[in-house]
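The values are calculated or read from the model by the stated rules, or taken from the named source; none is laboratory data. Because the structure is a prediction, the values reported are computed rather than measured. Positions of Cβ are generated from backbone atoms using ideal geometry, with glycine treated the same way; all protein chains shown enter the neighbour counts.
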Amino acid sequence: MSCLFCSIIEGEIPAKKVYEDDSVLAFHDITPAAPVHVLVVPKKHIEKLTDLTDEDSGVMGHILTLMPRLLSELGLEGRGVRVVNNCLEEAGQSVFHIHFHILGGRAFSWPPG
Ligand code: 5GP
Ligand code: ZN
């Protein structure tokens, strides 16, 4: 199985890492859509949001509760941020290893396009 984000996790493809522990990696997006654009991924290969099971609740909760720390380390404390998951092509998913975009450093409109 070839997966871009698994290759980044394995260190086979370089990325600008911002956080790493046993179960999670965060790194800068290669094509930033905002002044700060970081991707947060579980190290376990899970294709998409709709594949999550109860087994994944620990790492998914961990990703959410890491947000305050990541935002602070990214200089976004007190700033508005957008945390996004795109699930399936119709919603814009292009890499099929579940990830959350952290977007910050500018204003965002709602609803998204
Ligand atoms: P998606 O479209 O699946 O929600 O998000 C995939 C994201 O991965 C995109 O924002 C895209 O810019 C980013 N991306 C694609 N290839 C690479 C890469 O090789 N390195 C990094 N750091 N980001 C990538
Ligand atoms: Zn993967």
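Considering the range 10-53, and only residues there that are of a type in the set (Asp, Glu), more than 10 Å from ligand 1 (Cβ to nearest atom) and under 19 Å from LEU74 (Cβ atoms), the residue that is surrounded by the fewest Cβ atoms within 10 Å (Cβ to Cβ) turns out to be ASP21.
Those strands (runs of 3 or more DSSP E) of the range 1-51 in which at least 3 residues are more than 14 Å from ligand 2 (Cβ to nearest atom), considering only elements entirely within it, cover 17-20, 36-42.
Might you check whether a residue that is within 25 Å of PRO112 (Cβ to Cβ), loosely packed, with under 13 Cβ neighbours inside 10 Å and touching a helix residue (DSSP H, G or I) at 6+ places or on another chain (Cβ under 9 Å) occurs anywhere in the range 56-77? Yes, some residue in the range 56-77 is within 25 Å of PRO112 (Cβ to Cβ), loosely packed, with under 13 Cβ neighbours inside 10 Å and touching a helix residue (DSSP H, G or I) at 6+ places or on another chain (Cβ under 9 Å). Return yes or no: is GLY61 more than 16 Å from ligand 2 (Cβ to nearest atom), modelled with pLDDT of 95 or more, over 23 Å from PRO111 (Cβ atoms) and assigned to a loop (DSSP other than H, G, I, E, B)? In short, no. Here the range 64-113 is the region considered, the condition is being among the hydroxyl-bearing types (Ser, Thr, Tyr) and in a helix (DSSP H, G or I), and the residue that is nearest to the chain's Cα centre (by Cα) is THR65.
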